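Chemist: Shown below is the structure under consideration.
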Amino acid sequence: MSEEIKVQLTTQPGEKPDSTNLSFGKFFTDHMFIMDYHKDKGWYDPRIVPYAPIAMDPAAMVFHYGQAVFEGMKAYLTESGKVLLFRPDQNMKRLNRSNERLGMPEIDGEFVIHAIKTLIEVDKSWIPTEKGTSLYVRPFIIATEPCLGVRSSYTYQLIVILSPVGAYYSSGLEPVKINVESSYTRAVRGGIGFAKAAGNYAASIKAQENAKKEGYSQVLWLDAIEKKYIEEVGSMNIFFKIGGTVITPAINGSILEGVTRSSVITLLQEWGVPVEERKLSIEEIYEAYTNGKLEEVFGTGTAAVISPVGELHWNEHTMKINDGKIGEVSQKLYDTITGLQSGHLPDTRNWTLTF
């Protein structure tokens, strides 16, 4: 796609939040990117406009049949004033995998990255520079056709919004308490678990609310069939270091293939740390714990990057991991990935896009 992006600047710029007191996803920049789709025209009319509510028909199919997918990435401002994006090409590939699964139109990943860069340049002054902060980038696609027939929509909008954010967890890089979910199911193989679809997150909210009432930060999801194999933790991928080997559930059709997950596996392999992608049961985790071999547990995702787990609660068992402290591997991964994202470490793998 080579259509020029039209830019309409706001006449009422907003007040920027205090970058020392940012929460996650509460503040939004002055502008957003929008592009429309029609089945007879393809994607068209790319534009940057002032951030504002969007008007939609009450019969828009996204409200009724849930055709909605999204991505998440972060932009960082380097000390030299350049902007860094971390592996945005992988986000675009995953966005198209989500589109395909939900019967939605493919996007031109290179053009959308160009649009994101253009939008960030317009709102560059919103990028926070305090340690641990970044500009969160949220592209999403929704079905907009007003129709109550159950089928793929004929029209869509791709929208990109930007949000200056602090740490995903208010406690920062502190080990969190996780409850193993035994009643609810996030996704099933053959469904949409591997897609970054809005409905996946709706399915997780009730269990997460219940866990928080009991004092846990997140839930650890088990498979939908046997309720014994590890899948994800909250909205993140999950890793376990057992007897010197790092193990993560294999991508199986119900697990999201995270960009941070892929990066972690690559780094561990480069460092000579044994890594396995395979089925892993909660019983195996508990056995490793009782044998003193469960050394570290951590989640990985765009929002939190690395989220160390200090405690796992399963049935009547409470597993305290590494005395509730951050593990050596978790800390090294966090320092390395955030160092690459912020430009403080040299990028020898061509993972960062600088502009």
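Chemist: Given the options Phe298, Phe63, Phe194, state which has the largest fluctuation in a GNM of the chain using a 10 Å cut-off (strictly under) for Cα springs.
Modeler: Between Phe298, Phe63, Phe194, it is Phe63 that shows the largest mean-square fluctuation.
Chemist: Here is a further query. Given a 1.4 angstrom probe, I'd like the percentage of the accessible area of the chain that is carbon and sulfur, rounded to a whole number.
Modeler: 48 percent
Chemist: Going by a ≥ b ≥ c, the root eigenvalues of the Cα gyration tensor, does region 251-295 fall in the rounded group (a/c under 1.5), the prolate group (a/b larger than b/c) or the oblate group?
Modeler: Verdict is oblate for region 251-295.
Chemist: Next question, about the same structure. Given a 10 angstrom Cα cut-off, can you work out which residue in Gly190, Gly324, Gly166 is the most mobile in a GNM of the chain?
Modeler: Taking springs between Cα atoms under 10 Å, the residue moving most is Gly190.
Chemist: While we're on this one: So for the chain, taking the charge dipole from beta-carbon charges (+1 Lys/Arg, -1 Asp/Glu), which of Phe355, Tyr154, Tyr51 sits furthest toward the positive end?
Modeler: Towards the positive end, the residue furthest out is Tyr154.
Chemist: Give, as a single signed number, the net charge of other residues whose beta carbon lies under 9 Å from the beta carbon of Gly343, with Lys and Arg counted +1 and Asp and Glu -1.
Modeler: -1
Chemist: Treat every Asp and Glu Cβ in the chain as -1 and every Lys and Arg Cβ as +1, leave all other atoms uncharged, and give the resulting dipole magnitude about the Cα centre to the nearest 20 debye.
Modeler: 200 debye
Chemist: Between the helical axis of 259-270 and the dominant principal axis of the chain, each derived from Cα atoms, what acute angle in degrees is found, rounded to the nearest 10?
Modeler: 50 degrees
Chemist: Roughly how tilted is helix 328-342, in degrees to the nearest 10 and between 0 and 90, from the longest Cα axis of the chain?
Modeler: That helix lies at roughly 10 degrees to the long axis.
Chemist: A further question on this structure: For region 135-262, what is the accessible area per residue in Å², given a 1.4 Å probe and the full set of protein chains?
Modeler: 37 Å²
Chemist: For region 53-193, give the magnitude of the charge dipole about the Cα centre (Cβ charges: +1 Lys/Arg, -1 Asp/Glu; no others), in debye to the nearest 20.
Modeler: For this selection, approximately 400 debye.
Chemist: Mind sorting out which of [x] 67, 52, 45; [y] 61, 52, 36; [z] 79, 43, 36 is the real Cα extents along the principal axes in Å computed from the coordinates?
Modeler: Read-out taken from this structure: [y].
Chemist: Report the one residue of Gln208, Thr290, Ile225 whose Cα lies farthest in the direction of the positive end of the charge dipole of the chain (charges on C-beta: Lys and Arg +1, Asp and Glu -1; origin at the Cα centre).
Modeler: So the residue we want is Ile225.
Chemist: Starting from region 1-88, pick out the GluC sites (Glu not before Pro) whose DSSP state is loop and whose Cβ has at most 16 other Cβ atoms within 10 Å.
Modeler: For GluC sites (Glu not before Pro) across region 1-88 that sit outside H, G, I, E and B with at most 16 neighbouring Cβ atoms in 10 Å, the list reads Glu3, Glu4, Glu15, Glu79.
Chemist: Accessible area, 1.4 Å probe, largest first: how do Arg186, Arg151 sort? Don't skip to the answer; put the middle values down first.
Modeler: Numbers: Arg186 25, Arg151 85 Å².
Correct descending sequence by accessible area is Arg151, Arg186.
Chemist: Let me ask something else. Could you give the dipole magnitude of region 1-133 about its Cα centre, charging the beta-carbon of Lys and Arg +1 and that of Asp and Glu -1, in debye to the nearest 20?
Modeler: 400 debye
Chemist: Which angle between 0 and 90 degrees, to the nearest 10, do you get for helix 88-101 versus the longest principal axis of the chain when only C-alpha atoms count?
Modeler: Taking the Cα atoms of the chain, the angle to 88-101 is about 90 degrees.
Chemist: Quick check on region 194-277: of the DSSP beta bridges with both residues there, what percent are antiparallel, nearest 5%? Each step should come with its number before you reach the end.
Modeler: On the way: 6 of 9 bridges.
The answer is about 65 percent antiparallel.
Chemist: Looking at region 222-255, which GluC sites (Glu not before Pro) are DSSP coil and have at most 13 other C-beta atoms within 10 Å of their C-beta?
Modeler: Answer by residue number: Glu226.
Chemist: For the chain, modelled as a Gaussian network with Cα springs under 10 Å, which listed residue fluctuates most, Gly258, Gly272, Gly103?
Modeler: Among Gly258, Gly272, Gly103, the largest GNM mean-square fluctuation belongs to Gly272.
The values are calculated or read from the model by the stated rules, or taken from the named source; none is laboratory data. Worth saying up front: this structure is predicted, and the values here are computed from it rather than measured. Every residue, glycine among them, receives a Cβ derived from its backbone with ideal geometry; neighbour counts consider all protein chains shown. For accessibility, only protein heavy atoms count, side chains too; no ligands or nucleic acids. Shrake-Rupley method; radii C 1.70, N 1.55, O 1.52, S 1.80 Å.
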